[in-house]
Amino acid sequence: MDTIIAASRNQHKIVEIEAITKKFGMTIISRDEAGIPKVEIEEDGETFEENSFKKADEIRKMCGKTTIADDSGLMVDYLGGAPGVYSARFAGEDCNDTKNNEKLISLLEGVPYKERRAKFVSVITMVFPDGTSLVARGECEGHIIDTPVGEHGFGYDPLFVPDGFQRTFAQLLPEEKNQISHRAKALAALERLLEERNS
């Protein structure tokens, strides 16, 4: 396949996507590497799908090449699906991972473990030069714990224990996480869509 431009500037996401897409024969470069102007794309959609498409399509309009964008976040049942599309800015505009995690812990204080169901969601959209697109969604279900554990990953990873594991995402090695993560599932779904498109 041709080189694909990643709409994201988040190196963590690009590395995770690239670790999985290599085996599909996709070469991904960041928008900065592609020389795309440093314009902020406002993520004002109400769903991961809306935000993912908007990011990919805006970049496609700038470069005319195939683009890929991921919009992802954490949805906690007890909080009615929050933080959802606001996952990255849950604790306010100038927040960071630590502040977001602290807010989540405080909102779930006293809530029993079994009621701390949550899922990570990733929606990956690939938009082709002609404007057609493929949309793939992946989910990974689990629970939220009340103290961050682990050194790997980013975001809410230190608080999220995926179903079937006794360790958080941040305790899993990258290759372990890449087999079960929401992003891995979205990329697997994208691979199936690409196979259908090319058959």
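What the table shows:
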read-out: GNM top mover of T47, T147, T67 - the chain, alpha-carbon springs below 10 Å; value: T147
read-out: Label zone at E18, where the point sits 7 Å out along the Cα-to-Cβ direction: the stretch 69-107 residues whose backbone N lies under 16 Å; value: 69-70
read-out: Sparse-neighbourhood loop sites, GluC sites (Glu not before Pro) in the stretch 129-199 - DSSP loop, at most 16 other Cβ within 10 angstrom; value: E151
read-out: Per-residue ³J(HN,Hα) for the stretch 190-199, Karplus 6.51 cos²θ - 1.76 cosθ + 1.60, θ = phi - 60°, Hz, x for Gly and Pro; value: 5, 4, 4, 5, 5, 4, 5, 5, 8, 7
read-out: Per-pair calculated FRET efficiency, R0 = 35 Å: Y86 and A34 via Cβ, rounded to 0.05; value: 0.80
read-out: Between helix 11-21 and the chain: long-axis angle, C-alpha atoms, 0 to 90°, nearest 10; value: 70 degrees
read-out: Where a label projected 7 Å from the Cα of N198 along Cα→Cβ would reach, residues of the stretch 135-169 with amide N under 18 Å; value: 135-136
read-out: Degrees, to the nearest 10: 97-107 long Cα axis against longest axis of the chain; value: 50 degrees
read-out: Space enclosed by the convex hull of the alpha-carbon atoms of the stretch 95-199, per residue, Å³; value: 129 Å³
read-out: Charge tally in the Cβ shell below 11 Å around D32, where Lys, Arg are +1 and Asp, Glu are -1, D32 excluded; value: +2
read-out: Cβ-derived FRET efficiency at R0 22 Å, Q11 paired with T147, nearest 0.05; value: 0.25
read-out: Residue-span extension gain [K103 to A188] - 0.36 nm each, minus C-alpha spacing; value: 27.4 nm
read-out: Summed side-chain charge close to E50 - residues other than E50 whose Cβ falls under 11 Å, Lys, Arg +1, Asp, Glu -1; value: -4
read-out: Among beta bridges that DSSP assigns inside the stretch 3-198, antiparallel share in %, nearest 5; value: 80 percent
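Every read-out reported here was derived from the displayed coordinates using simple, explicitly stated rules and does not represent laboratory data. Bear in mind that the values here come from a model prediction, so they are computed numbers and not experimental data. Glycine gets a Cβ as well: all are built from the backbone with ideal geometry, and neighbour counts include every protein chain shown.
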